[in-house]
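The values are calculated or read from the model by the stated rules, or taken from the named source; none is laboratory data. What you see is a predicted model; the values in this text were computed from it and never measured. A quick note on method: Cβ atoms are made from the backbone with ideal geometry, for glycine too, and the neighbour counts reach across all protein chains shown. Accessible surface areas use protein heavy atoms only, side chains included; no ligands, DNA or RNA. Shrake-Rupley method; radii C 1.70, N 1.55, O 1.52, S 1.80 Å.
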Amino acid sequence: GSKAGSPAVLRDSAQPVRIGPYDILERLGEGGMGVVYLARQRDLNRTVALKVMRARGAGDVTFLQRFQREAQAAARLCHPGIVAIHDVGCDGDQHYFSMDYVLGQSLDEQIAGERPSPRRALEIVESVAHTLANAHAEGVIHRDIKPQNILMTPDGRALLADFGLAKDQSRESDLTQEGMTLGTPAYMPPEQAQGRLRVVDGRSDVYSLGAVLYHLLTGR
């Protein structure tokens with residue numbers, strides 16, 4: 001997903017200057033699938049978050065398919081609670097997709113500073129629950145619900161990001177094998193931790209959201 005927060009420049013001598021129609025402004029962060037940059041789309045003169053696949057994944061067909069699936073899963077979900085995807089493309093061996101740049105902080109960063117009141121915690125989780133209900137209705141299981149993947153806007157809205165582990169139930173293959181462990185241990189349900197991926201469904205996301213609520217209420 002897009003990296004929230006004030007854009008902190010991460011110095012990188014290998015940082016590209018331009019990718020496709022995007023001028024790279026700053027490096028915002030990185031995850032398992034790729035690096036996220038703050039970029040300006042030249043033709044529309046708008047600022048976006050640009051996720052670029054890691055170079056080591058360019059020759060790995062499964063890695064590339066997973067990167068593309070992340071963009072496709074998020075792009076088909078038209079909901080105000082999901083970070084919107086704008087464009088998917090490739091510039092040479094650099095695969096990328098652009099999305100809304102979200103000002104604010106991740107929920108993880110926010111609660112590290114000050115834990116919300118119980119009422120506010122419930123409001124945040126209720127909002128994400130509505131977003132998840134929409135995703136599940138469209139056949140998309142997120143599989144990595146955690147505070148780091150919930151972005152909080154300056155006006156207090158909660159946006160769900162990072163569909164890198166998502167399962168699209170409309171597809172015959174989800175690029176994972178039974179026995180694999182996906183997700184973040186502190187928030188994943190037992191069936192996911194045990195690698196029983198055939199039984200992971202929307203209820204598994206709900207379990208993870210419950211773990212997020214526990215974290216919000218208790219601070220651990």
Practice prompt. Note down all Cβ pairs under 7 Å where the first residue falls in the range 98-109 and is in contact (Cβ under 8 Å) with a residue 40 or more places away in the chain, the second is part of a helix (DSSP H, G or I) and open to solvent by 20 Å² or more (accessible area, probe 1.4 Å), and they're at least six residues apart or on different chains.
Written response: SER106/GLN148; ASP108/GLN148
Practice prompt. Test LYS167 against the stated conditions and say whether it is open to solvent by 10 Å² or more (accessible area, probe 1.4 Å) and at pLDDT 95 or above.
Written response: no
Discussion item. Just checking, does the range 53-71 include any residue being closer than 16 Å to ILE24 by Cβ, under 15 Å from the mean Cα position of the chain (by Cα) and among the charged types (D, E, K, R)?
Written reply: no
Discussion item. For a quick check of your reading of the model, give me the residue pairs whose first member lies in the range 189-209 and is closer than 25 Å to GLU126 by Cβ, whose second is part of a helix (DSSP H, G or I) and of a type in the set (Phe, Trp, Tyr), with beta-carbon atoms closer than 9 Å and at least 6 apart or on different chains.
Written reply: PRO189/TYR207; PRO190/TYR207; GLU191/TYR207; GLN192/TYR207
Fill in: Any hit, the range 10-17, residues being of a type in the set (Val, Ile, Thr), at negative phi and at pLDDT 85 or above
yes
Practice prompt. Filter the range 21-41 down to residues that are modelled with pLDDT under 95 and part of a loop (DSSP other than H, G, I, E, B) and give me whichever is most open to solvent (accessible area, probe 1.4 Å).
Written response: GLY32
